[in-house]
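What follows is a set of notes on a single structure, which appears directly below.
Values quoted throughout were computed directly from the atomic coordinates according to the rules given, and no laboratory measurement underlies them. For clarity, every value in this text was computed on a predicted model and none was experimentally measured. So basically every Cβ, Gly included, is an ideal-geometry build from the backbone, and we count neighbours across all protein chains shown.
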Amino acid sequence: MSTVLLIRHGRTSANARGVLAGRTEGVGLDGPGRRQARSLAARLRQVPLAAAVHSPLLRCAQTLDAILAVRAEPVARHADPRLVECDYGRWTGRPLRELADDPLWRDVQTAPSTVVFPDGEAMAAMAERAVSAVADWRARQPDGVVAMVTHGDVIKAILSDALGQSFDAFQRIAVAPGSLSVVAYTPDGPRVLRVNDTGSRLRVAPAAVRPTVGGGAG
């Protein structure tokens with residue numbers, strides 16, 4: 001049985017400002033994001049990792065840096081381009097409040113399998129590469145734990161696949177910055193053990209459950 005830890009990078013200034021960072025280079029963790037990464041590091045310190053994989057973008061690399069820095073034993077780390085953020089094309093860098101007025105926004109929320117971002121990527125293609133990456137790393141580590149540090153929409157796509165639900169329902173899953181989700185892949189199929197665990201008290205507020213793209217600004 002292989003177990004995959006799906007870790008969303010810590011908060012960035014783009015998250016805080018409600019801007020869709022997408023694949024913008026140089027978007028790193030802000031102060032709260034660095035604290036989230038250190039908190040994750042402490043929580044995962046005793047978990048034996050067979051491999052650590054991350055999206056090539058800076059915010060994911062920084063999150064994994066923090067996780068691996070506190071470990072007694074070295075862990076092989078790999079940048080996997082299949083875990084990179086969705087290419088939002090001309091939506092990249094724009095405020096979510098503006099994007100919510102775009103007619104495409106409704107399809108992103110209700111029919112993502114049909115969405116191709118202008119000059120960007122199809123959401124279905126993003127989901128396919130993400131699920132493929134998980135299958136590949138599971139095959140490499142059939143009895144180990146693999147940490148994957150990536151992005152909100154990528155994680156939601158992987159969780160949707162593990163849950164056996166339609167990709168068009170993936171916006172029903174919330175994945176906050178600095179959160180941990182866990183899937184065990186057993187001979188009888190996937191078992192989703194944890195979703196959107198931030199290690200904090202439960203908070204339910206409109207801002208926490210509003211529809212998003214980029215898992216909440218990428």
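Here each label is just a point 7 Å from Cα along the line to Cβ, and for Ala51 and Ala111 those points are 3.7 nm apart.
The relative contact order of the chain, computed from alpha carbon pairs under 8 Å that lie at least 6 residues apart in sequence, is 32 percent.
Its convex hull of Cα atoms gives region 122-201 a direction-averaged projected area, equal to a quarter of the hull surface, of 5.5 nm². Stretching the chain fully between Arg140 and Asp119 yields a gain of 4.2 nm (0.36 nm per residue, less the alpha carbon separation).
Looking at region 2-217, what % of its DSSP beta bridges pair antiparallel, to the nearest 5? Bridges in region 2-217 are about 55 percent antiparallel.
Between Ser13 and Gln165, the distance separating the two model label sites (each 7 Å from Cα on the Cα→Cβ line) works out to 3.5 nm. Extents of the chain, largest first, come to 48, 40, 33 Å (Cα atoms, principal axes, whole angstrom). Scanning residues 5 or more positions from His54 or on other chains, those with amide H under 5 Å from its amide H are His78, Ala79, Asp80, Val149, with H placed 1.01 Å from N in the peptide plane.
Diffusion coefficient of region 44-128 by Stokes-Einstein, Kirkwood radius over Cα pairs, 10 °C, 1.306 mPa s: 104 µm²/s. Full extension of the chain between Arg172 and Ser132 gives 12.2 nm of extra length, using 0.36 nm per residue less the Cα-Cα distance.
Taking a Cβ cut-off of under 12 Å around Ala69, the surrounding Lys, Arg, Asp and Glu residues balance to a net charge of +4, with basic ones at +1 and acidic ones at -1. Annotation note: GluC sites (Glu not before Pro) in region 22-121 located in DSSP loop regions with a Cβ neighbour count of at most 14 within 10 Å are Glu25.
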